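A.B. asks: Okay, handing you the structure first.
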Amino acid sequence: MGFPAKENLNRRAAKSLTARVVKADMYLKGQTVNVVCQVTGGAAYGSTVWDKTTDGLWVADHHVKTGSDGFLSNMPRCDNDQPSTEDGGPPAGSGAARPQQRARHRGLRR
């Protein structure tokens with residue numbers, strides 16, 4: 001689902017204001033932020049709701065105009081989600097290889 005950014009937003013690697021900024025000002029005020037799920041994370045501007053974007057990174061829900069200050073009833077929750085890397089994949093060393101990587105390690109191709 002797409003929602004407009006209320007402010008210029010940074011993409012973050014995790015659900016916290018102290019998480020690494022992967023790209024500063026990724027979404028400019030008024031641009032559409034495509035959200036795939038929501039989760040509770042670190043406190044950000046009076047809210048603990050974070051939105052996971054289609055590129056696998058995080059933005060504070062407070063700065064996304066979703067029409068609600070809390071969780072959306074029609075938006076999936078992503079509570080069991082792994083922290084993200086810059087490319088949206090699992091972090092290095094997490095043991096959560098992508099399917100293509102797992103297949104390559106078994107000598108298979110996809």
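A.B. asks: Using a basic spin-label model with each label point 7 Å from the Cα along Cα→Cβ, how many nm lie between Asp79 and Gln31?
C.D. replies: 3.2 nm
A.B. asks: Using amide H atoms built 1.01 Å from N in the peptide plane, name the residues 5+ places from Glu7, or on other chains, whose amide H lies under 5 Å from its own.
C.D. replies: Distant-sequence amide H within range of Glu7: Gly30.
Laboratory data are not the source of any read-out in this text; all were calculated from the coordinates shown. Only a predicted model underlies this, so the values are computations on that prediction, with no experimental measurement involved. No Cβ is skipped: glycine too gets one built from the backbone with ideal geometry, and neighbour counts run over all protein chains shown.
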